[in-house]
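Right, one structure below, let's go through it.
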Amino acid sequence: MTTPTPLMLHPSGMRDGFARAQLPPADQWPVLHLEGVYHAPPRLNAAVELLDRAVTEGFGDRVALVTPDGRGGWEETTYAQLQAQVDALAHVLVHDLALVSGNRVLARGFNGRWMTVVWLATLKAGMVAVTTMPMLRAGELRTVMERSQCNAALCDVRLLDDLASAAAGMPGLHAVRCWGGEGADGLERAMTQHTAPFTACATASDDVALIAFTSGTTGVPKGCLHFHRDVMAMCHGAARQLLDIRADDRCIGTPPIAFTFGLGGLVCFPMAARASVVLLEKATPESLLDTIAATRATISFTAPTFYRHMALAVAAAPGRFDTSSLRVCVSAGEALPDATRTLWRDATGIEMLDGIGATELIHIFVGAAGADWRRGAIGRAVPGYEVAVLDDNLQPVPTGTVGRLAVRGPTGCRYLADARQTTYVQHGWNLTGDACTMDADGYVYFTSRTDDLIISAGYNIGAPEVEGALLQHAAVAECAVVGQPDPERGQVVSAYVVLRAGIDGDAALVRTLQDHVKATIAPYKYPRQLHFVAALPKTDTGKLQRFRLKETT
């Protein structure tokens, strides 16, 4: 790894300097490596790189977006058509709403053409995108808006009620506008008044492009400030060097665009490759499988639990679902159990690509594809990143020893005015909160989240390992494992199990599952408590909220 790039910001291209003013002090930043493909010029606008250059390079007639047409078919939007819509909305932001570069624009909507247009127009106009999950309620939205001091909010009309409640009396908020309605002040009508091209703001490559809030798996979301160069870095890194996305690919998936996993996989990655993407507002495992077949999607992005239910659906109805178009299946967002990987491979013949990333680093930084895959491992560092496994004193641990996963590379954590910056970034490393081991070849093996490591009677037990054992039993559809306080052992392993349809949970099945775990992994790791539940608590992104289970008494 070459010498890290010293911290030095280019002159900003933004009139409103709020976002830069919220950056952590320079001595709290992680070490950055911005060499090679990650080198960025002083001036860079990610929307120009992703969209405008696609048109000037001759891809204007290529399909960019595929969305449901509301009549059982599909509507295609080319890169040139998308550019015209983005330019019209950028004009609305600047001329109709009187916003200036550097202002924050909140976007609230389902995955689809509008969320893509809003995100790109915001960046092209030099403003800062603050995308939010559709399921957030008024109180959560209010927190996001207050912390990012939003100046405008654009919303799907179907999601207006909570936003309107959150926005009431919000200082500095100039406008709330909707798409999808028929009102005179709707965005569609405003956009028809602007047909001229929009000249992109000459943002600095290190001007803030988006404030991404973490998904709340620990209950306390944090705002992460990402630059225009960071948006392009994830395209040069995971998309190009791990997934090898090509112009003839068609991406599809379930993560919300408001989540950086979805923003990368369903907006930035395909656009950087001049490929296309299928955007669905909502999906079930069965409907996603049907859409993959109907649109001939080639790359899918979703969480392990979703892949598991898709695999079960394929296995339950042989010949019903056609997955032959898929060539890459990306799993991220939470740990991928080997049982789920095996189930998916047996059902489809496709080897899943596992990856670990973080909102703090914008996307995947460890993964493996194709022949580089190794059983049990997440993968190796994406080229341009370096990873280490460290002890509590931030010293490397021996090969095969559990420690704290540390990362540094072209992207890194910059929290929005948050004291937790010094917890996540220490001595130049991003400490992801993952407990892992690493082998001699640099493959990373996930043990647990550091706050999910169960210490019972002196033994260290990783919750995902117990979950993986339970998932191998035919009765188990989903499960989650946490540590619960115990006066004798300190903690005991407690499992929450969702059973497959038609199976009833009783005391006999509890013993059966406990014995199954004992026979699969070290017996001391078996769940001494086992609860049957109808569903598990999750975020909008599908990530398990173990902290909610820990609150269960």
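The values are calculated or read from the model by the stated rules, or taken from the named source; none is laboratory data. Fair warning: this is a prediction, and the values are worked out from it, not measured in the lab. Because the Cβ atoms are built from the backbone with ideal geometry, glycine has one as well, and the counts that use them run over all protein chains shown.
Can you tell me which residue among ALA293, ALA297, ALA317 is modelled with pLDDT under 95 and over 17 Å from the mean Cα position of the chain (by Cα)?
ALA317
Could you go through region 387-401 and let me know if any residue there is part of a loop (DSSP other than H, G, I, E, B), closer than 30 Å to LEU210 by Cβ and either of a type in the set (Gly, Ala, Ser) or touching a Leu at 6+ places or on another chain (Cβ under 8 Å) (or both). Spell out the reasoning first.
Going through region 387-401, the residues part of a loop (DSSP other than H, G, I, E, B) turn out to be 391-395, 397-401.
Then keep just the ones that are closer than 30 Å to LEU210 by Cβ; that gives 394.
Filter once more, so that each one left must be either of a type in the set (Gly, Ala, Ser) or touching a Leu at 6+ places or on another chain (Cβ under 8 Å) (or both): none.
Checked against the condition, which is being part of a loop (DSSP other than H, G, I, E, B), closer than 30 Å to LEU210 by Cβ and either of a type in the set (Gly, Ala, Ser) or touching a Leu at 6+ places or on another chain (Cβ under 8 Å) (or both), region 387-401 yields no hits at all.
So, ALA297, is that one over 24 Å from GLU478 (Cα atoms), in contact with a strand residue (DSSP E or B) (Cβ under 6 Å, 6 or more places away or on another chain), assigned to a loop (DSSP other than H, G, I, E, B) and of a type in the set (Gly, Ala, Ser) or not?
Taking the combined requirement at face value, the residue satisfies it.
Do we have any residue at all in region 440-457 that's part of a loop (DSSP other than H, G, I, E, B), of a type in the set (D, E, K, R) and either surrounded by fewer than 17 Cβ atoms within 10 Å (Cβ to Cβ) or in contact with a Ser or Thr (Cβ under 6 Å, 6 or more places away or on another chain) (or both)?
yes
Only one residue in THR143, THR199 is out of contact with any strand residue (DSSP E or B) (no Cβ under 7 Å at 6 or more places or on another chain) and closer than 19 Å to LEU97 by Cβ. Which one?
THR199
Go through (1) surrounded by fewer than 20 Cβ atoms within 10 Å (Cβ to Cβ); (2) within 19 Å of the chain's Cα centre (by Cα); (3) over 28 Å from LYS525 (Cα atoms) and name the single condition GLY409 misses.
Against the list (1) surrounded by fewer than 20 Cβ atoms within 10 Å (Cβ to Cβ); (2) within 19 Å of the chain's Cα centre (by Cα); (3) over 28 Å from LYS525 (Cα atoms), GLY409 comes up short only on (1).
Could you tell me which residue of region 91-131 is farthest from ALA200 (Cα to Cα), considering only residues that are among the hydroxyl-bearing types (Ser, Thr, Tyr) and crowded, with 24+ Cβ neighbours inside 10 Å?
Within region 91-131, the match that is farthest from ALA200 (Cα to Cα) is THR131.
Select, from ARG420, ARG414, ARG404, the only residue that is under 30 Å from GLN22 (Cβ atoms), in contact with a strand residue (DSSP E or B) (Cβ under 7 Å, 6 or more places away or on another chain), among the charged types (D, E, K, R) and surrounded by fewer than 23 Cβ atoms within 10 Å (Cβ to Cβ).
Only one candidate passes the filter, namely ARG404.
Looking at (1) touching a strand residue (DSSP E or B) at 6+ places or on another chain (Cβ under 9 Å); (2) at pLDDT 95 or above; (3) surrounded by fewer than 19 Cβ atoms within 10 Å (Cβ to Cβ), which one does MET234 not meet, given that it meets all the others?
All conditions are met except number (3).
Tell me whether region 47-55 contains one or more residues that are within 18 Å of THR192 (Cα to Cα) and either buried (at least 21 other Cβ atoms within 10 Å of the Cβ) or touching a Pro at 6+ places or on another chain (Cβ under 9 Å) (or both).
No, region 47-55 contains no residue that is within 18 Å of THR192 (Cα to Cα) and either buried (at least 21 other Cβ atoms within 10 Å of the Cβ) or touching a Pro at 6+ places or on another chain (Cβ under 9 Å) (or both).
Quick check on region 315-331. Is at least one of its residues part of a loop (DSSP other than H, G, I, E, B) and basic (Lys, Arg)?
For region 315-331, residues part of a loop (DSSP other than H, G, I, E, B) and basic (Lys, Arg): present.
If you take the residues of region 497-518 that are exposed (fewer than 11 other Cβ atoms within 10 Å of the Cβ) and more than 30 Å from the chain's Cα centre (by Cα), which of them is nearest to LEU312 (Cα to Cα)?
My answer is GLY502.
Select from region 425-443 the residues that are at pLDDT below 95 and within 20 Å of the chain's Cα centre (by Cα) and write down the one among them that is nearest to ASP230 (Cα to Cα).
Checking each candidate, the answer is THR432.
Just wondering, is there one or more residues in region 30-38 that are out of contact with any Phe, Trp or Tyr (no Cβ under 6 Å at 6 or more places or on another chain), acidic (Asp, Glu) and either buried (at least 20 other Cβ atoms within 10 Å of the Cβ) or under 30 Å from GLU386 (Cβ atoms) (or both)?
Scanning region 30-38, I find at least one residue that is out of contact with any Phe, Trp or Tyr (no Cβ under 6 Å at 6 or more places or on another chain), acidic (Asp, Glu) and either buried (at least 20 other Cβ atoms within 10 Å of the Cβ) or under 30 Å from GLU386 (Cβ atoms) (or both), so the answer is yes.
Sort through ALA535, ALA477, ALA508 and tell me the only one that's part of a loop (DSSP other than H, G, I, E, B) and at pLDDT 90 or above.
Numbers: ALA477 fails: part of a loop (DSSP other than H, G, I, E, B); ALA508 fails: part of a loop (DSSP other than H, G, I, E, B).
One residue alone meets the criteria, ALA535.
Could you tell me whether LEU106 is in contact with a Ser or Thr (Cβ under 9 Å, 6 or more places away or on another chain) and assigned to a helix (DSSP H, G or I)?
So LEU106 fails the test.
Hey, among THR260, THR284, THR323, which residue is among the polar types (S, T, N, Q), more than 18 Å from ALA368 (Cβ to Cβ), touching a Ser or Thr at 6+ places or on another chain (Cβ under 6 Å) and free of Cβ contacts under 8 Å to residues at least 40 places away in the same chain?
One residue alone meets the criteria, THR323.
Looking only at region 73-90, decide whether some residue is in a loop (DSSP other than H, G, I, E, B), at pLDDT below 95 and surrounded by fewer than 24 Cβ atoms within 10 Å (Cβ to Cβ). Walk me through it before giving the result.
Let us first name the residues in region 73-90 that are in a loop (DSSP other than H, G, I, E, B), namely 73.
Of the ones still in play, those that are also at pLDDT below 95 are 73.
When the remaining residues are screened for being surrounded by fewer than 24 Cβ atoms within 10 Å (Cβ to Cβ), the result is 73.
Checked region 73-90: at least one residue is in a loop (DSSP other than H, G, I, E, B), at pLDDT below 95 and surrounded by fewer than 24 Cβ atoms within 10 Å (Cβ to Cβ).
Name, by its number, the condition in (1) more than 26 Å from ALA417 (Cα to Cα); (2) of a type in the set (Lys, Arg); (3) part of a helix (DSSP H, G or I) that does not hold for ARG142.
(1) is the only condition that ARG142 fails.
With the checklist (1) in contact (Cβ under 8 Å) with a residue 40 or more places away in the chain; (2) closer than 23 Å to MET191 by Cα; (3) surrounded by fewer than 24 Cβ atoms within 10 Å (Cβ to Cβ); (4) over 22 Å from the mean Cα position of the chain (by Cα) in hand, flag the one item ASP156 doesn't pass.
(4) is the only condition that ASP156 fails.
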